[in-house]
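Student: Handing you a structure now.
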There are 2 protein chains.
Amino acid sequence: MTTILHLDASPRTDRSISRRLSRRFVDEWRTHRSTDRIIHRDLAIDPPPHVTQAWIAACFTPNEKRDAAMRRDLSWSDAAISELEAADLIVLGTPMYNYGMPSALKAWFDQVIRVGRTFSFDLARGDWPLEPMMSGKRLVVLSSRGEFGFEPGGPRARFNQLDPHIATCGRYLGVAPNAIHTIAVEYQEFGDDRHARSVERAESEAVRMAGVLVAEAAPYAVAGRASA
Amino acid sequence: MTTILHLDASPRTDRSISRRLSRRFVDEWRTHRSTDRIIHRDLAIDPPPHVTQAWIAACFTPNEKRDAAMRRDLSWSDAAISELEAADLIVLGTPMYNYGMPSALKAWFDQVIRVGRTFSFDLARGDWPLEPMMSGKRLVVLSSRGEFGFEPGGPRARFNQLDPHIATCGRYLGVAPNAIHTIAVEYQEFGDDRHARSVERAESEAVRMAGVLVAEAAPYAVAGRASA
């Protein structure tokens, strides 16, 4: 079985392009693998708390010494990390806001990247003391941008603070840089033919990418099949 | 008179390095120019709301057509933009979290960068339809990083999603790229001599930078002086 963590970060519900794309991907996945587990976490409807001083203190307190308040402070993070640990594939639908992540998505990363849970810290490693504790996950980013040309070499590449940031943080989710697949709708603010073509391309690319990753996924166990 | 908008984004209160640095800068400024207006906005204690679907709809509704609920949805943004409009100089104390802005700081940018208020949008401009509506502000960034080497050419330069993102968004605050001065404490996670030296350097640099900008600031009006 493959477990998918499906995240949506767009504050728009009905009119969101990134939500439609992430749903398209997941729906396509389901047509091939109907019994896989899909965990959906809506970061806009139910936004992660910002990191607080108490949260930081709780993180740096050994688990057995945490009191009830500390456990409460970490409960959102604990639940989100459990979902992440279970996931083989993360499907992230997000708009680009002010050239980067919407604040609710950044809050999710700040809640799940946690010492002793998603990365270890050891000064014996010298100048590179952080190591991720998970590995082997894949990440599909389905995003929407108002402008265009954010790809490497594009006219707005240097303003793209979304994709490089996701890649930088992805390491601590157990996602290697070459395990990230990004599909983006562009030109949303222009509302012209270029936008229409971009939507069309991204939708068929989302379906194609689902097929590629389905083909790579572990086959159903025979027992699992028989019981389905 | 110069108006300073002093922002703090660190969730830590007493132990925050970036808060100490931003306070150091502002205190030094005050010793030279005691009657300047300083607006302090604490983004950690009183975090900006995340952008919502209703917020977006209210932004795109002409002011005279907004109902009471829409005005309420925009009230945080309105207040924050008024502070920004008043400011000649923005002093931003912030840690680097997961290589970028803390989520509360991103929420501030998402609240203040707003069509018709901080930027105009016109398709007659072709492929670059956005233009900032303000200009001539300066920004001093006082930040703290757990690791080191995030400067251009440094070993972690490619992971730095904080400074380039602030520069990209700064344009829409009326801050040109060459009007940003960044002072950073590094090595916090190492807690060694390099960290101690970095703190010392950053503190004296904050004081020096305050002096440089004081020297550039508009002199007190004679009338203002007489009445002080």
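Student: Output the number of residues of segment B:84-112 satisfying the condition of being touching a Phe, Trp or Tyr at 6+ places or on another chain (Cβ under 9 Å) and either open to solvent by less than 10 Å² (accessible area, probe 1.4 Å) or under 26 Å from B:TRP29 (Cβ atoms) (or both).
Tutor: Number satisfying all stated conditions: 13.
Student: Across segment A:15-43, what is the total count of residues that are farther than 16 Å from A:ARG201 by Cα and among the polar types (S, T, N, Q)?
Tutor: Within segment A:15-43, residues that are farther than 16 Å from A:ARG201 by Cα and among the polar types (S, T, N, Q) number 4.
Student: I need the full set of residues from segment B:85-117 which are more than 23 Å from B:ASP14 (Cβ to Cβ), more than 12 Å from chain A (Cβ to nearest Cβ) and either without any contact (Cβ under 8 Å) to a residue 12 or more places away in the chain or assigned to a strand (DSSP E or B) (or both), in order please.
Tutor: B:LEU89, B:ILE90
Student: Further, regarding this structure: Just to be sure I understand the filter: pairs with C-beta atoms under 9 Å, separated by 6 or more residues or on different chains, first member in segment B:118-135 and farther than 17 Å from B:THR168 by Cα, second member aromatic (Phe, Trp, Tyr) and assigned to a loop (DSSP other than H, G, I, E, B). Which pairs pass?
Tutor: Every condition considered, the pairs that remain are B:LEU123/A:PHE190; B:ASP127/A:PHE148; B:ASP127/A:PHE190.
Student: Go through segment B:38-62 and report how many residues are in contact (Cβ under 8 Å) with a residue 40 or more places away in the chain and exposed (fewer than 13 other Cβ atoms within 10 Å of the Cβ).
Tutor: 1
Student: Give me the pairs: first residue in segment B:195-208 and charged (D, E, K, R), second residue assigned to a helix (DSSP H, G or I), beta-carbon distance under 6 Å, and six or more apart or on different chains, which are they?
Tutor: Pairs found: B:GLU203/B:ARG24.
Student: Out of (1) under 23 Å from A:ARG138 (Cα atoms); (2) among the basic types (Lys, Arg); (3) part of a helix (DSSP H, G or I), what's the single condition that is false for A:ARG72?
Tutor: Result: A:ARG72 passes all but (1).
Student: Can you pull out every residue in segment A:166-194 that is without any contact (Cβ under 8 Å) to a residue 12 or more places away in the chain and in a strand (DSSP E or B)?
Tutor: A:PRO177, A:ASN178
Student: A further question on this structure: What residue, among those in segment A:150-165 that are over 15 Å from the mean Cα position of the chain (by Cα) and not in a loop (DSSP other than H, G, I, E, B), is farthest from B:ASN160 (Cα to Cα)?
Tutor: Per the stated criteria, the residue is A:ALA157.
Student: Same structure, new question: Step by step: first the residues of segment A:38-55, then only those that are among the hydrophobic types (A, V, I, L, M, F, W, C) and part of a loop (DSSP other than H, G, I, E, B), then the one that is nearest to the chain's Cα centre (by Cα). Which residue is that?
Tutor: A:LEU43
Student: Test each condition in (1) open to solvent by less than 50 Å² (accessible area, probe 1.4 Å); (2) hydroxyl-bearing (Ser, Thr, Tyr); (3) free of Cβ contacts under 8 Å to residues at least 12 places away in the same chain for B:SER75 and report the one that comes out false.
Tutor: Status for B:SER75: all satisfied but (1).
Student: Identify, please: which residue in segment A:120-139 is assigned to a strand (DSSP E or B) and within 14 Å of another protein chain (Cβ to nearest Cβ) and is, among those, least open to solvent (accessible area, probe 1.4 Å)?
Tutor: Among them, the one singled out is A:LEU130.
Student: Additional query: Considering (1) within 14 Å of another protein chain (Cβ to nearest Cβ); (2) open to solvent by 30 Å² or more (accessible area, probe 1.4 Å), say which one A:ARG66 fails and leave the rest.
Tutor: Here A:ARG66 meets the rest and fails (1).
Student: Restricting to segment A:1-37, what's the tally of residues that are open to solvent by less than 40 Å² (accessible area, probe 1.4 Å), assigned to a loop (DSSP other than H, G, I, E, B), away from chain B (no Cβ under 14 Å) and in contact with a strand residue (DSSP E or B) (Cβ under 8 Å, 6 or more places away or on another chain)?
Tutor: Total meeting the criteria: 2.
The values are calculated or read from the model by the stated rules, or taken from the named source; none is laboratory data. As the structure is a prediction and not an experimental result, all values here were calculated from the model. All Cβ positions, even for glycine, are placed from backbone atoms using ideal geometry, and neighbour counts span all protein chains on display. With ligands, DNA and RNA removed, areas are computed over all heavy atoms of the protein, side chains included. Shrake-Rupley method; radii C 1.70, N 1.55, O 1.52, S 1.80 Å.
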